[in-house]
Amino acid sequence: AGIFNNNKYYSLDAILSKDSIYNIIYGERSNGKTYACLEYAIKNYCSGKGQLALVRRWQDDFKGKRGATMFNAHVDNGLIAKYTNNEWTDVYYYSGRFYFCKYDEQDNTKRITANEPFGFAFSLSSMEHDKSTSYPNITTIVFDEFLTRGMYLPDEFVLFMNVISTIVRH
């Protein structure tokens, strides 16, 4: 398995074949690394293998439309419907949680949402607020955009390890 599928977009096949606890993916921009990781997490959740923790540097990375549109490509490509056997068709983001949802066919403004989130948003800049919460069903952690051309947080690696410690208690 190569690192690209259809010679264009990133595939996780090669890196997952290593069966490592941690995987670090470097690559060109806009080739589907985040898309592939989020698809992997959706697929895992739908097959009963646990929830997603999506980690980013800043809380602003999840505010408003940034959080609400995180899975738009997966929705547009029909992956939510595919992996949920058409039970759900969209993703709803609320209060740091990602839920599968669908819209009522009679009234497209009425949303029907899953009872349980399939994923959670974590930011390194606000990790102190998440320390006392338990996340026993998270099995996939994606630290997205961990490289920057701008500024890193003071003690960023320590903050990242604290987030990991909050999520992985055992």
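The values are calculated or read from the model by the stated rules, or taken from the named source; none is laboratory data. Note that the coordinates shown come from a computational prediction; the quantities given were computed from them, not determined experimentally. Because the Cβ atoms are built from the backbone with ideal geometry, glycine has one as well, and the counts that use them run over all protein chains shown. In case anyone asks, the SASA skips ligands and DNA or RNA and just uses the protein heavy atoms, side chains included. Shrake-Rupley method; radii C 1.70, N 1.55, O 1.52, S 1.80 Å.
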Over all directions, what mean area does the Cα convex hull of the chain project, stated in square nanometres? 11.0 nm²
Quick one: which of 28-36, 118-126 comes out on top by average Cβ neighbours within 10 Å, and what's the full order, highest first? 118-126, 28-36
Along the Cα→Cβ direction, 7 angstrom out, place labels at SER134 and LYS8. What is the inter-label distance in nm? 4.6 nm
Please report the base-10 log of the normalised intensity I(q)/I(0) for the stretch 52-98, using a Debye sum with one equal scatterer per alpha carbon and no solvent, at each q in 0.13, 0.28 (1/Å). -0.31, -1.05
What are the extents of the Cα atoms of the stretch 72-137 along their three principal axes, in Å, largest first? 42, 22, 21
What's the extension gain from GLU87 to ASP60 if we count 0.36 nm per residue and subtract their Cα-Cα distance? 6.6 nm
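Which order do TRP88, TRP58 take when ranked by solvent-accessible area (1.4 Å probe, heavy atoms of all protein chains), largest first?
In descending accessible area the options line up as TRP58, TRP88.
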Inter-label distance, nm, simple model (7 Å from Cα along the C-beta direction), GLU116/ASP76: 3.1 nm
Flagged links, alpha-carbon separation over 32 Å, of LYS18/LYS82; LYS8/LYS63; LYS18/LYS65; LYS8/LYS110; LYS43/LYS65: LYS18/LYS65; LYS8/LYS110
Could you please put SER20, SER11 in sequence from largest to smallest accessible area, using a 1.4 Å probe? SER20, SER11
